[in-house]
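Undergrad: Dropping the structure in here first, questions after.
Any read-out appearing in this document is the output of simple, stated calculations on the displayed coordinates, not a laboratory observation. Being a predicted model, the structure only gives us computed values, none of them experimental. Every residue, glycine as well, gets a Cβ built from its backbone with ideal geometry; the counts of neighbours run over all protein chains shown.
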Amino acid sequence: MALNDPVEPEVEMERDFVRPFLATAGRTRSSLSDLRIETLVEATAKLEDGLRFEAARVAKLCREPNSVAEISAKLKIPLGAVKVIVGDLVGSNHVRTHKTIEGETPEDMQLISRLIAGVRKL
Amino acid sequence: MTDRVVKKNPVSAKFVVAGGFGVGKTTFVGTISEIDPLRTEAKMTSASLGVDDTSKVATKTTTTVAMDFGRITIDDDLVLYLFGTPGQERFSFMWNDLVNGALGAVVLVDSRRLADCFYAVDYFESRKIPFVVAVNEFDGMVAHEIDAVAKALQVGPDVHVISCDARSRDSVKNVLLDLFEVILERMMAANAAAVTA
């Protein structure tokens, strides 16, 4: 039966990817409280020189807009750590974050209409 | 040189695909996603699981909870993300972070294991998050069961219960379009109410 999820979420003991607290200098909270997993992050024109380690990799990846979840998946950094790093990078003006659709404003209704048209065309 | 052209201001929207273990969430996401589903992981210590007993510090373990997701780029400045919830109820503590800001949800159902979706239905209903129930066709056995499922779930008449085949692009498209229409209708109703008030 091919319908079962091929890769189902699983619990596993800590593996060998980045220790989150090393990447974030021990912090567990992001300075940006409204950062969501779907928030798109995009590099500004600011030079990446001076950035190191994960921060440099995140800034580089975000030359193209990537969501917080994509950053986490592509760079294999846990979500919580990505949020802290992105918060720092926003603070230092290396990246900026884009809006998410919350479904609350009239403009959002137009965006939903565009989603409908877009998915219909797929 | 570093002068990248900073183009537009893309916005993103999030939808959630929920349902029990093995019901086909990742298949559903993968069928419509432009990329192979990606997996993101969040680290949780047992303390985040509700255990708060300092005598257990020595045995505190870190677990990793994984979520699979896909992406659909509608155009240069509109991106849609579909997130599968962690399949087991014991990961439900992850849901707030996952669902926060979601425009709507698909609850994927295997009619042979209906109870697996109760948690998701309750969750979205109690938080007033728009959702549709999609009964995944296993061996094509479903059509006549839609009404029975709707009845058993005791959802209101405004909740759409539809059948789907998570392997079929058209079918997944239809489920999403159905959900989008539900969301749009709800927004229009809320808007109208705000105008009259």
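Undergrad: Can you list residues from other chains, or at least 5 along the same chain, whose modelled amide H is less than 5 Å from the amide H of B:ALA105?
TA: The answer is B:VAL16, B:PHE131, B:VAL132.
Undergrad: Divide the volume of the convex hull of the Cα atoms of the stretch A:20-121 by its number of residues and quote the answer in cubic angstrom per residue.
TA: So the per-residue hull volume is 112 Å³.
Undergrad: Suppose R0 equals 30 Å; then what is the FRET efficiency for A:LYS60 and A:GLU102 from their Cβ-Cβ distance, rounded to the nearest 0.05?
TA: The computed FRET efficiency comes out at 0.55.
Undergrad: Starting from the coordinates of the alpha-carbon atoms of the stretch B:98-197, obtain the Kirkwood hydrodynamic radius over all distinct pairs and give the value in Å to one decimal.
TA: Answer for the stretch B:98-197: a Kirkwood hydrodynamic radius of 14.3 Å.
Undergrad: Hey, rough spin-label estimate for B:VAL195 and B:ILE35, points 7 angstrom out along Cα→Cβ, what's it come to in nanometres?
TA: It works out to 3.9 nm between the two label points.
Undergrad: Per 0.36 nm of contour for each residue apart, how much would the distance between B:GLU125 and B:ASP76 grow if the chain were fully extended, relative to their Cα-Cα spacing?
TA: Extending this stretch completely gives an extra 14.3 nm.
Undergrad: I've got another one for you. Evaluate E = 1/(1 + (r/R0)^6) for B:ASP158 and A:ASP49, where r is the Cβ-Cβ distance and R0 equals 45 Å; express this FRET efficiency to the nearest 0.05.
TA: 0.20
Undergrad: Between B:ARG186 and B:LYS8, what is the label-to-label distance in nm when each label sits 7 Å out along the Cα-to-Cβ direction?
TA: 2.6 nm
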